[in-house]
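The values are calculated or read from the model by the stated rules, or taken from the named source; none is laboratory data. Remember, predicted model here, so these are calculated numbers, not experimental data. Cβ atoms come from the backbone with ideal geometry, glycine included; neighbour counts cover every protein chain shown. Please note that ligands, DNA and RNA were not included when accessible areas were found on the heavy atoms of the full protein model with its side chains. Shrake-Rupley method; radii C 1.70, N 1.55, O 1.52, S 1.80 Å.
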Amino acid sequence: MSGEQRLRIRSSPRDPARLPEEDEALGQSFFTQLAASLLRGLPRPALLLLRPAQVDQVDVLDVLRKPADQGHTLLAALCGQEGVECAALIGVLTVRTGPQRGARAAVVFVEWPDNRWWTAWQPMDDSRVLVGEGPIVRAAVDGWPKPGGVGGWFAKARRLDLQLRLTKVEDTVEGETIH
């Protein structure tokens, strides 16, 4: 079974000063960068795949609009690529704050292959201003339950033996998930 999905992926060298190795420092760096980007507009949700010397930024807006199972499988295949040290979902997303309520928020969710995760989110108003005293930060190492609807990508990639075959087409990238 295979499927085709067009993805926009930008690659750049990994700057250890901006993207440190330590979980908390890395998550805080991502959140600081996201908060600063709000001054320029609403950033599109992205999945950042960190490798030892490179960062791949995948535009995932269309992936997040897919049915949950399809989108989750594609994110898992992206994370399951060889050499990915961690993945971070970053952007302005709807966060469920109760059974029926959702709030628009700046969100960072970082996951590692060993199932560790770190997340921060902060609600925002209609003018893209973050509200509250600061982001709400949670981490697996502190005993928090993983937020619903996000993560588990590395485990799914291992469980389903997902492989992603990327092919550059002109200035875009096409991806094929192979089960």
Legend entry - Residue match in the range 118-137 (condition: among the basic types (Lys, Arg) and open to solvent by less than 70 Å² (accessible area, probe 1.4 Å)): no
Inset, instruction - Quick one: HIS72 ticks every box in (1) open to solvent by 60 Å² or more (accessible area, probe 1.4 Å); (2) touching a Gly at 6+ places or on another chain (Cβ under 9 Å); (3) within 19 Å of PRO147 (Cβ to Cβ); (4) in contact (Cβ under 8 Å) with a residue 12 or more places away in the chain except a single one, so which number is it? - result: (1)
Legend entry - Pairs, first basic (Lys, Arg) in the range 10-33, second open to solvent by less than 30 Å² (accessible area, probe 1.4 Å) and not in a helix (DSSP H, G or I), C-beta under 7 Å, six or more apart: ARG14/LEU50; ARG14/VAL55
Inset, instruction - Please note which strands (runs of 3 or more DSSP E) are completely contained in the range 1-51 and include at least 3 residues that are surrounded by 13 or more Cβ atoms within 10 Å (Cβ to Cβ). - result: 2-7, 46-50
Legend entry - Positions within the range 160-171 being open to solvent by 50 Å² or more (accessible area, probe 1.4 Å) and either within 14 Å of GLU82 (Cα to Cα) or at pLDDT 80 or above (or both), in sequence order: LEU160, ASP161, GLN163, ARG165, LEU166
Legend entry - Lone unmet requirement of (1) surrounded by fewer than 17 Cβ atoms within 10 Å (Cβ to Cβ); (2) at positive phi for GLY91: (1)
